[in-house]
Amino acid sequence: MRKPVRLPKPLIDEYEWQDHALCRALPVEEFFDMENSRGGRRERQERAAKEVCHRCPVIQQCLRHALAAEDYGVWGGTTAHERAEIRAGVAPFPVFAPAPALTPTPLEAAS
């Protein structure tokens with residue numbers, strides 16, 4: 001396993017984007033369970049996770065974090081294998097169209 005060397009400083013501001021991630025409300029298994037699955041099942045799980053990512057307003061921040069620190073699961077619309085290829089320079093850095101802004105909840109709007 002690769003040791004993350006480019007993690008941001010452990011400051012709340014560096015990770016605040018995660019508060020706006022769509023995946024926060026979903027079971028973690030939807031993004032990480034595919035490590036033990038194979039073939040069509042794994043592809044379906046990855047595709048479903050990526051569909052969530054592609055609707056997420058913080059996909060770019062998530063991808064930058066994932067390239068620096070995440071070796072497993074779907075992060076920022078990419079699989080672990082895709083991120084390894086990006087890091088190795090074999091695949092280009094993906095650019096995703098911005099997701100539509102989410103309407104803040106009444107609690108978020110009040111803060």
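All of the numbers you see were taken from the coordinates with simple rules; none came from a lab. Worth saying up front: this structure is predicted, and the values here are computed from it rather than measured. Cβ placement follows ideal geometry from the backbone for every residue including glycine, while neighbour counts extend to all protein chains displayed.
General observations
- Note on the range 13-92: with charges restricted to the Cβ of Lys and Arg (+1) and Asp and Glu (-1), its dipole about the Cα centre is near 380 debye.
- Residue (of A66, C53, T78) at the positive-pole extreme of the range 46-89, dipole from beta-carbon charges: C53
- Residue separation of H54 and R24 scaled by 0.36 nm, minus their Cα-Cα distance, works out to 9.4 nm of gained length.
- Gyration tensor verdict on the range 13-92 (Cα atoms; rounded if a/c is under 1.5, prolate if a/b is larger than b/c, oblate otherwise): oblate
- Rough spin-label spacing in nm, given labels placed 7 Å along Cα→Cβ, for Y72 and F96: 2.1
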